[in-house]
Every structure is written in structure tokens, then in C-alpha cells.
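Q: Mind looking over this structure? Questions follow.
The values are calculated or read from the model by the stated rules, or taken from the named source; none is laboratory data. Given the structure is predicted, the values throughout are model-derived calculations rather than measurements. Here Cβ is always computed from backbone atoms with ideal geometry, including for glycine, and neighbour counts include all displayed protein chains. Note: areas computed on protein heavy atoms with side chains; ligands, DNA, RNA excluded. Shrake-Rupley method; radii C 1.70, N 1.55, O 1.52, S 1.80 Å.
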Amino acid sequence: MNDTTIKQTPQSSQELLTPLRSVLSQPSLELLAKSVLDRLETPAQEDWRASNSELDYLCQVLCAKHSYRANKFIHELLQVGLPLDRIYRKYLAEAARRLGTDWENDTRSFEQVSLASARIYKIMDSLRKRQPVPVQSCQPRLAFAAVPGEQHTLGVEMATDLFRREGWDVAHLVGPSHEEILLTLEDKSIFLLGLSASGSRHQAALIRLILALRMIRPEVRVIVSGAITQTENSLALNVGIDAVVRDVPQALEVVRDLASQGEHRP
């Protein structure tokens, strides 16, 4: 088992709420408590990385006035036989991460990063049309979503596509509200929810969602990814998350491990 997987024993709502006093203000905790109570094969880690010069160029052309150079760059990667998951994880995902860092450091403008993000989405859509995801009818089912209010959804989109290519039946929840996620998870065939959050500003929404989910589906497995996992080290212990993951290969490993525990297999 990966050492990021955290085993949990069943907890009452009060046992779940008590540790949160260390991470939420009293008014936030009271609002959270009210909202909850109202609802009464494991792949080896890949060491290969794209070169810095390639990633610098990709970031540059994604932000350029015209899109043809970015499209040409990705097309050339396909032409040399680079696997689709490597293009996603080692090029597009890494470029998105770098662009986000540049924006935070004020070395790229909001307009540049927004344009680049839109182009990454278009490239992903084009790749799907080139290599369609096979229709899956097998169990178990997974659900992936960004935390309500989260604007950075590229990682969720990539993870959904790559998991589907690995044979998993994934419900991709696009821009869902708190209630929409809970409604979807009423489907008993969904055994795991993957959530993404980009930072501590989404902490309250994440905790509120997980606690509400524990009220209606206490058996559902929950994994969390995104930048919030780097800044909130005690988050999993506080709210009963099954695992925190840093990337898609680790997520695949953890999900397979959790599925095997319940004899769910794709």
C-alpha cells in the first residue's frame, strides 16, 4: 500500500467535527456543522521528464498570439510516438503548473495564462477526437470533481480521461455545486470520489462536502489532490479522507489499492 493512504475507522459526526476547530474559525465551524446536520497493477513511478527547454517553449507558444505553433508542437510529439498519457502528464500538465506559478509570481499576466489554459483544453479535446476513449460499461464507478467554487479544473479533466483509458468508469462532474455532488454520490455504484482543490481558500468547501458525504454514504472512499494537499498536511486526519495524492500515477495506484480492498476491479 502506498504510504499516503490513510486508514480510517468509522467516526460519528461529532468525532469528525471536533478536530476541525484547529483549522476553521468558530463562525465557519458553526456554519459547517449546521450544513452537515441539516442533511442528517500498480504502475511504477515514471522518472522520465520533459526537458526544461521543451517546457519553456510550450509555455511560450501557448501564450502566443496564434495557436498554430502550440498545435504543431503537440502534433510532433504524437508523430514520434509519444504515449498520450505522457503528453498529458509530462507536457500539458507541467506547462499548466509552470504557467500558474508564473502568474502567482507576476511574470505572466492573467490574460496570458487564461489564453494558455483555453488552448490546453482545446488541445485535449483534439487529442480525444484523435484517440477516442472507449465506452466502458464495467464496474466499479468513480466520480471526479473539483471542489465547489474551484476554478482550476484542468487536473480533474486530465485525470478523468486517463482513468477512463485505464478501463475505469468515471463520472466527471463539471462545475458541480455542493448539492449536485452529493446527489450524484447517492448512486450506490460509485465507490470512490476524487476531489481536487488548488489551495487553502477552498478548505472550508472541501471539509463541508466531505462531512456531508459521510452522513449519506459513510462507506464511500475519498481521495484528494491539488495544491491544498501541500499546504494542509493534517487535512486527511481531520476529516477522514482515505488518501491524498500528488499526481495521476499515484492516484491510479491508490485507487487500485482501495478497490482491491473491497474487491472492486475495473
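Q: Need at least 1 residues that are at pLDDT 85 or above per element, so show me which helices (runs of 4 or more DSSP H) inside segment 16-112 make the cut, counting only ones lying wholly within it.
A: Filter on segment 16-112 gives 52-62, 68-79, 93-104.
Q: Oh, and also: What pairs can you find where one residue is in segment 176-198 and more than 20 Å from Arg164 (Cα to Cα) and open to solvent by less than 50 Å² (accessible area, probe 1.4 Å), the other is of a type in the set (A, V, I, L, M, F, W, C) and part of a loop (DSSP other than H, G, I, E, B), and their Cβ atoms are less than 8 Å apart, with a gap of 6+ or different chains?
A: Ala197/Val147; Ala197/Ala227; Ser198/Ala227
Q: Continuing with this model, one more query. Please count how many residues of segment 113-129 are surrounded by 10 or more Cβ atoms within 10 Å (Cβ to Cβ) and either at pLDDT below 75 or at positive phi (or both).
A: Residues meeting the conditions: 3.
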